[in-house]
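First comes the structure, then the notes that go with it.
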Amino acid sequence: MGAVYMMWLRQIKRYWRSKSRMVGSLAQPLLFLVALGFGFGSVYKAANGGSYIDFLAPGIIAMSILFTAVFTGMEVVWDRQFGFLKETLVAPVSRFKIMLGRTLGGATVATAQGLIVLILCLLIGFRPSSYLVGLSLALVFMFLIALLFTAIGTAIASKINDMQGFGLIVNFLIMPLFFLSGALFPLDNLPKALSLVTKIDPLTYGVDGLRSALTGVSYFGITLDFTVLAVLILISLWIGGKLFNKIQI
């Protein structure tokens, strides 16, 4: 477990040193919160939907975690190009432990990013239904989302040598995941085809779990959300470990 801890600590230190990356990653969630939250607030309220900020906030928190988590995989591509990954992989340590440590570190960073966005939501006017229980459950789902998509990002990066190629693939992947997750619109009464796609989207269960924890409103139920995320995390870690183990140095 020492190797896992060292990689976890390294990922956190690496991100903490990049102040511009931390600040820049808050711009998009803040824009979505202000532009959509207040822009569509009156329309959502007129449709008897209540406060759109309360509905939107869990989705924006999940979005910030998704982007940070997946793009953590770019560090694998970066390290491979500049030779840092080779120094790590030649160490007498299981590659799965190295991958697990990087994934846990990236997930911790993404969760911290989500907490910052949650604070921004509270400052803008979002009010959770329960502060003690709700925020505790929300933290669990934030980490689950972060762990799942960090593992996915690392798995993708294990098969790609080019940073531009990684960026293109990830952008092609994460935008549909976000927009089809129910982060911006309710999942009720959707067309059958769109409803099926949202149920296939793994982020849907993270957003629904967060919304359930923070507002008490859930489409699938918090137990199903947790179960689906947990199973997907195990599968993603297994696949990511296999692909990381096959990296050629």
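Rule-based calculations on the coordinates, nothing more; no lab input. This structure is a prediction, so every number in the text was calculated from the model and none was measured. All Cβ positions, glycine included, derive from the backbone under ideal geometry; neighbour counts span all protein chains shown.
Which FRET efficiency value, to the nearest 0.05, is calculated for D162 and Q28 with the Förster distance at 25 angstrom and r the Cβ-Cβ distance? All intermediate terms of the calculation are to be shown ahead of the outcome.
Values: r = 24 Å, r/R0 = 0.96.
Given R0 = 25 Å and the Cβ-Cβ separation, E is 0.55.
Per 0.36 nm of contour for each residue apart, how much would the distance between A35 and S136 grow if the chain were fully extended, relative to their Cα-Cα spacing? List each step's numbers first, then the result.
Details: separation 101, 0.36 × 101 = 36.36 nm, distance 2.80 nm.
Computed gain between A35 and S136 is 33.6 nm.
Within the P(r) computed for segment 95-138, what percentage of the Cα pairs occupies the region above 16 Å? Could you put the intermediate results ahead of the total?
Details: 496 of 946 pairs.
In whole percent, the share of Cα-Cα pairs in segment 95-138 beyond 16 Å is 52.
List the extent of the Cα atoms of segment 199-249 along each of their three principal axes, largest first, rounded to whole Å.
Computed over the Cα atoms, the extents are 48, 17, 15 Å.
Which aspartates and glutamates have a Cα lying under 16 Å from the Cα of K159, excluding residues fewer than 8 positions away in the same chain?
E75, D79
Ranked from highest to lowest mean number of other Cβ atoms within 10 Å per residue, what is the order of the peptides 137-146, 207-216, 29-38?
Numbers: 137-146: 23.6, 207-216: 25.4, 29-38: 17.0.
Output ranking for 137-146, 207-216, 29-38: 207-216, 137-146, 29-38.
So between K246 and L196, what do we pick up on full extension, going 0.36 nm a residue minus the alpha carbon distance?
Working: separation 50, 0.36 × 50 = 18.00 nm, distance 3.41 nm.
Net length gain for the segment: 14.6 nm.
Ratio of segment 144-249's C-alpha Rg to 2.2 N^0.38 Å, to two decimals? Please list the in-between numbers first.
Details: Rg = 15.3 Å, N = 106, 2.2 N^0.38 = 12.9 Å.
Cα Rg divided by the expected 2.2 N^0.38 Å: 1.18.
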